[in-house]
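Okay, structure first, notes after.
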Amino acid sequence: AVDGVSWRILLPDLQAACEAAAAGRDPAPDPVGTSFRRWARLLAAQARSEERRAELPAWAAVLGEPEPLLGRRALDPARDTAATWRERSWSVPSPDAATLASRTLAVFHCGVHEVLLSALAGAVAQWRPPGNAAAGVLLDIEGHG
């Protein structure tokens with residue numbers, strides 16, 4: 001059994017091992033560049049560094065500000081329920097999707113996630129009421145590694 005994140009890490013090593021075995025060579029995984037212990041210690045040291053500590057006031061200010069309205073009014077728990085939920089979706093034409101998924105990534109040296117977050121930022125700025133369009137949006141993004 002293996003989870004999806006680990007599978008993406010293991011798959012290239014398994015492929016290389018199978019190809020080596022098929023060619024009559026002993027499988028030899030790539031050397032580990034940084035041990036987990038060293039990585040954890042480096043991460044903890046980075047968290048305590050003056051550079052990261054100097055960022056604390058800026059992050060505290062971001063988290064201390066009230067979240068500006070996303071729509072035209074504040075959410076109402078009695079009114080905004082699963083029963084009133086609406087959804088909107090659209091399809092991107094194939095040529096545009098191909099550009100976004102390949103050329104855009106190369107030009108901006110980014111991944112698909114950054115392109116999608118940029119699209120979300122643009123949509124929020126356009127959808128927000130006047131006066132709040134330029135306000136930031138705090139997102140909680142799941143990441144691995």
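The values are calculated or read from the model by the stated rules, or taken from the named source; none is laboratory data. On a predicted model such as this, the values are computed, not experimentally measured, just so you know. In this analysis, Cβ positions are derived from the backbone assuming ideal geometry, glycine residues included, and neighbour counts consider all displayed protein chains. SASA here: full protein model, heavy atoms, side chains in, ligands and nucleic acids out. Shrake-Rupley method; radii C 1.70, N 1.55, O 1.52, S 1.80 Å.
Got a sec? What order do Ser49, Ser89 fall in by accessible area at 1.4 Å, biggest, i.e. largest, first?
These residues rank, largest area first, as Ser89, Ser49.
Averaging over all projection directions, find the projected area of the Cα convex hull of the stretch 44-145 and quote it in nm² with one decimal place.
Its average projected convex-hull area is 10.4 nm².
Applying 1/(1 + (r/R0)^6) with R0 = 30 Å to the Cβ-Cβ distance of Ala60 and Leu120, what FRET efficiency is obtained, to the nearest 0.05?
Calculated value: 0.80.
Can you compute the helix-only [θ] at 222 nm over the chain? Use -39500 (n - 2.57) per DSSP H run of at least 4 residues, normalise by all residues, nearest 500 deg cm²/dmol.
-14500 deg cm²/dmol
For the stretch 85-145, run through the trypsin sites (Lys or Arg not before Pro) and keep only the ones in DSSP coil with at most 10 other Cβ atoms within 10 Å of their Cβ.
Those that pass, being in a loop and sparsely packed, are Arg86, Arg88.
In the full protein assembly as shown, how much of Cys18 is accessible to a 1.4 Å probe, in Å² to the nearest 10?
90
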